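Trainee: Below you'll find the structure I mean.
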Amino acid sequence: MRGTDSGSVQAWFVLLLLSVVWGSSFILIKKSLLAFTAYEVGALRMGISFLAFLPLLIIRRKEIPWDQWKPLMVIGLAGTTIPAFLYPIAETQLSSSVVGVLNSLTPLFAVTFGVLFFKAQVVKNQMIGVFIGMTGAVLLILLSKSTENASINAYAFLVVLGTMLYALSVNTVKKYFQDLDPNILSASVFVFVGVPAVAYLLFNGTLWKVQTSEFGLLSLSAVLILSLVGTVAATVLFYKLVQMTNVVFSTAVAYLIPGVAILFGVLDGEPFSLMILIGMTLILIGVYFTRRG
């Protein structure tokens with residue numbers, strides 16, 4: 001089976017794996033906020049990820065396309081750095097499940113930006129898939145008990161902004177770095193943000209909270225998992241998925257994230273209804289149609 005086929009086993013496996021990793025990231029952000037501020041969580045996520053990529057940056061520095069620093073900076077800021085701060089700030093006023101569901105707007109913006117700014121051609125099946133998936137996401141917002149109290153909240157727009165930035169980033173990856181090793185691409189984007197993040201952490205006393213806060217170790221563990229698994233490993237996998245398939249299919253991972261969040265809720269004792277099952281089924285149908293594109 002061809003690796004470039006969006007219906008390949010490998011592409012689907014990566015998509016499902018990313019949905020689990022990123023679907024659980026909102027709970028990890030919530031746990032990180034027990035000891036750290038939203039800005040500290042964002043800085044920790046960027047700093048730890050940068051240090052994890054640093055050996056690769058040093059060893060393979062000659063392979064980094066420095067002449068493409070502008071799109072690299074766009075990807076670094078839009079695809080990792082700014083959302084790393086927006087989402088924790090939003091979760092100070094919104095539940096993790098609400099944030100996870102709002103994240104499903106990413107594919108819609110990915111299609112819109114692709115057409116408006118990147119001269120992408122989107123076929124009918126992909127548009128159908130986007131809107132079917134969005135319908136399922138709306139059902140999850142309306143029918144999940146964990147999100148029934150969701151209302152218009154200014155903090156929700158921070159998540160919407162984050163999804164727009166993700167959409168900009170993924171279109172940039174597809175246009176400029178289709179053939180670049182995902183490991184090199186992932187490491188390169190942290191060059192522009194890693195050093196400031198580490199400097200901030202060293203000088204503002206963030207690390208002292210591990211010893212002084214009641215939840216210090218718990219929050220540190222959560223942000224370590226969030227950084228090493230949810231950022232470092234997942235970023236490499238996601239860029240690989242973008243290169244293997246297309247923008248619409250790869251960003252469809254955002255449709256699966258709400259279902260994962262609800263699944264974690266069920267495991268924690270929250271009720272599961274038939275209507276929620278219908279919503280999740282619509283999301284999967286939407287992913288199927290994006291694949292056919």
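Trainee: Restricting the search to region 171-193, which residues are in a loop (DSSP other than H, G, I, E, B) and surrounded by 19 or more Cβ atoms within 10 Å (Cβ to Cβ)?
Mentor: Of everything in region 171-193, those that are in a loop (DSSP other than H, G, I, E, B) and surrounded by 19 or more Cβ atoms within 10 Å (Cβ to Cβ) turn out to be 177, 180, 190, 191, 193.
Trainee: Go through region 107-131 and give me each residue that's in a helix (DSSP H, G or I) and surrounded by 18 or more Cβ atoms within 10 Å (Cβ to Cβ).
Mentor: 107, 108, 109, 110, 111, 113, 114, 126, 129, 130
Trainee: Also: For the condition free of Cβ contacts under 8 Å to residues at least 24 places away in the same chain and in a helix (DSSP H, G or I), what is the one hit in 71, 55?
Mentor: Result: 55 is the single residue among 71, 55 that is free of Cβ contacts under 8 Å to residues at least 24 places away in the same chain and in a helix (DSSP H, G or I).
Trainee: How do the pairs read when you match residues in region 75-94 that are over 25 Å from residue 174 (Cβ atoms) with residues anywhere that are of a type in the set (Lys, Arg), using Cβ under 6 Å and keeping only pairs 6 or more apart or on different chains?
Mentor: 91/30
Trainee: Turning to a different aspect of this structure: Evaluate the following for residue 97: is it under 17 Å from the mean Cα position of the chain (by Cα), at pLDDT below 90, on the phi < 0 side of the Ramachandran plot and part of a helix (DSSP H, G or I)? Quick ask: steps written out before the conclusion?
Mentor: Numbers: under 17 Å from the mean Cα position of the chain (by Cα): yes; at pLDDT below 90: yes; on the phi < 0 side of the Ramachandran plot: yes; part of a helix (DSSP H, G or I): yes.
Considered against the rule, which asks whether it is under 17 Å from the mean Cα position of the chain (by Cα), at pLDDT below 90, on the phi < 0 side of the Ramachandran plot and part of a helix (DSSP H, G or I), residue 97 comes out as yes.
Trainee: Continuing with this model, one more query. Go through region 58-67 and give me each residue that's part of a loop (DSSP other than H, G, I, E, B) and open to solvent by 50 Å² or more (accessible area, probe 1.4 Å).
Mentor: Correct list: 60 only.
Matching residues to (1) under 15 Å from residue 163 (Cβ atoms); (2) at pLDDT 75 or above; (3) surrounded by 21 or more Cβ atoms within 10 Å (Cβ to Cβ):
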| site | (1), (2), (3) |
| --- | --- |
| 55 | no, yes, no |
| 69 | no, yes, no |
| 83 | yes, yes, yes |
| 133 | yes, yes, yes |
| 152 | no, no, no |
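Trainee: Of all residues being among the polar types (S, T, N, Q) and in a helix (DSSP H, G or I) in region 1-43, which is modelled with the lowest pLDDT? Just the residue, please.
Mentor: Among those that are among the polar types (S, T, N, Q) and in a helix (DSSP H, G or I), it is 10.
Trainee: Specify the residue that is surrounded by the most Cβ atoms within 10 Å (Cβ to Cβ); the eligible residues are those in region 197-214 that are touching a residue at least 40 places away in the same chain (Cβ under 8 Å) and not charged (D, E, K, R).
Mentor: Across region 197-214, the extreme among qualifying residues is 197.
Trainee: Scan 237, 217 and give me the residue that is more than 18 Å from residue 82 (Cβ to Cβ) and either open to solvent by less than 30 Å² (accessible area, probe 1.4 Å) or touching a residue at least 60 places away in the same chain (Cβ under 8 Å) (or both).
Mentor: Going through 237, 217 in turn, just one is more than 18 Å from residue 82 (Cβ to Cβ) and either open to solvent by less than 30 Å² (accessible area, probe 1.4 Å) or touching a residue at least 60 places away in the same chain (Cβ under 8 Å) (or both): 237.
The values are calculated or read from the model by the stated rules, or taken from the named source; none is laboratory data. Small disclaimer: the values here were computed from a predicted structure and weren't measured. Quick reminder, even Gly has a Cβ in these numbers, built from the backbone with ideal geometry, and neighbours come from all protein chains shown. With ligands, DNA and RNA removed, areas are computed over all heavy atoms of the protein, side chains included. Shrake-Rupley method; radii C 1.70, N 1.55, O 1.52, S 1.80 Å.
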